[in-house]
1. When Rg is the radius of gyration of the Cα atoms in the range 136-206 and Rh is its Kirkwood radius, what does Rg/Rh come to?
2. Which value in deg cm²/dmol, rounded to the nearest 500, describes the helix-derived mean residue ellipticity at 222 nm for the chain, given -39,500 (n - 2.57) per DSSP H run of n ≥ 4 and division by the residue count?
3. Please calculate the 1.4 Å probe accessible area of Lys175, with all protein chains present, and give it to the nearest 10 Å².
4. What is the sum of charges around Arg243, taking Lys and Arg as +1, Asp and Glu as -1, for the other residues whose C-beta is under 11 Å from the C-beta of Arg243?
5. Starting from the Kirkwood radius over alpha-carbon pairs of the range 1-108, derive D by Stokes-Einstein at 20 °C in a medium of 1.002 mPa s and give it in µm² s⁻¹.
6. Which distance in nm do the two modelled labels at Arg211 and Asp54 give, with both placed 7 Å along the Cα-to-Cβ direction?
7. Taking amide H atoms as placed 1.01 Å from N in the peptide plane, list the residues 5 or more away in sequence, or in a different chain, whose amide H sits under 5 Å from that of Leu126.
8. Using all Cα-Cα distances in the range 99-151, what percent lands in each 10 angstrom bin from 0 up to the longest?
Amino acid sequence: MTDATDVTRPDPRRRVALLHTGGTVGMVRGDDGAYAPRPGALAQALARLPELQDPRLPDVRLEELDTLLDSSDVRPVDWQRFADRVAAAFHDGAHGVVVLHGTDTMAYTASALAFLLDGLPGPVVLTGSQVPLVELRSDARDNLITSLLLAAAPDWAEVAVYLGGGLLRGCRTTKVSTHGFDAFASPNLPPLADVGVDVAWRRELLRPPAREALRVHRLADVDVVALRLFPGITAETLRNVLRDPVRGLVLETYGSGNAPSRDPELLAVLRDAVGRGLVVVNVTQCLRGSVRMGTYAAGRALADAGVVSGGDLTAEAALAKLLVLLSQGLAPSAVAAAMGRDLAGERTPEPA
Ligand code: ASP
């Protein structure tokens, strides 16, 4: 029997849906010299790719979505569209799904898909490239072929990001390079697999296929905001940000979750927002580590104002999680409690 996760010996009977949503990978240069998505360009380039004719590949079915986007244009309504297409692919018999997507907001989409897709039967691998597939020298070929093989591997079922050598849990990722082929990091969780000559899986990290049926949560028209604290931020600025109809705030704080504590008005604005039913989540601006609001008085003041800890959530995952939870019509206290729980492998449980 084939090693359940040996992607170097792929099984051509496995079926992988390849969903093209846009991004550099399928872009071509326009008359102005700037890259932009063009319908049909990726399919044409793929048809010329010898690797894709190789009989050892899984059975790949390409679907180009209606509106191809630079991922800077992706909005929550698109997350829903992508989630529905992924679910449809599994219902149609795919064993895994590869989503081609721009890298700019890939970490947000990967996080959103992880929370929207409940009960995944197989893997969903988001990939793209820093250089388009049509260019002579491009990272797209390896990213695409490796992602197809990873998505065809059995016995794992979660949303992941693959770019330039590391298979990362999607809801742990953040884009860290504008130009490196290894554009993503997963600062608080090791890669699910190191991909080099061999594919070295960290099996203990992999999330298994769900027993229950796949269901897709619905996003509602809810306003959430992310705000990065900066020295000199005023209560007035914060008050303006938190006006109706905003229902949730991801507050990107300093260090282990600290904010200015000598500005009573600023803290009062936060306390008032929580009193009005907003959910305010504290994540750190640091790449590595976790929010601990009890460490400093400057952090404790936030906890006293009703701000909830995002632990080691990335800002991207916190925003997507908050939006998905608020869309479910739960009471703010229930959303706040769920923000503190690990739902999709996005946060490390706090020590008891
Ligand atoms: N602007 C592009 C996008 O995110 C960049 C990329 O794909 O790498 O769609």
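The values are calculated or read from the model by the stated rules, or taken from the named source; none is laboratory data. What you are looking at is a predicted structure, and each value in this text was computed from that prediction instead of being measured. Cβ atoms come from the backbone with ideal geometry, glycine included; neighbour counts cover every protein chain shown. To get the accessible areas, we keep the full protein, side chains included, count just its heavy atoms, and leave off ligands, DNA and RNA. Shrake-Rupley method; radii C 1.70, N 1.55, O 1.52, S 1.80 Å.
1. 0.94
2. Using -39500 (n - 2.57) per qualifying helix, the result is -8000 deg cm²/dmol.
3. 60 Å²
4. That works out to 0.
5. Translational D for this selection: 141 µm²/s.
6. It is 3.8 nm.
7. Hits under the 5 Å cutoff: Val99, Ala160, Val161, Tyr162.
8. The distribution over the range 99-151 is 24, 47, 24, 5, given as percents.
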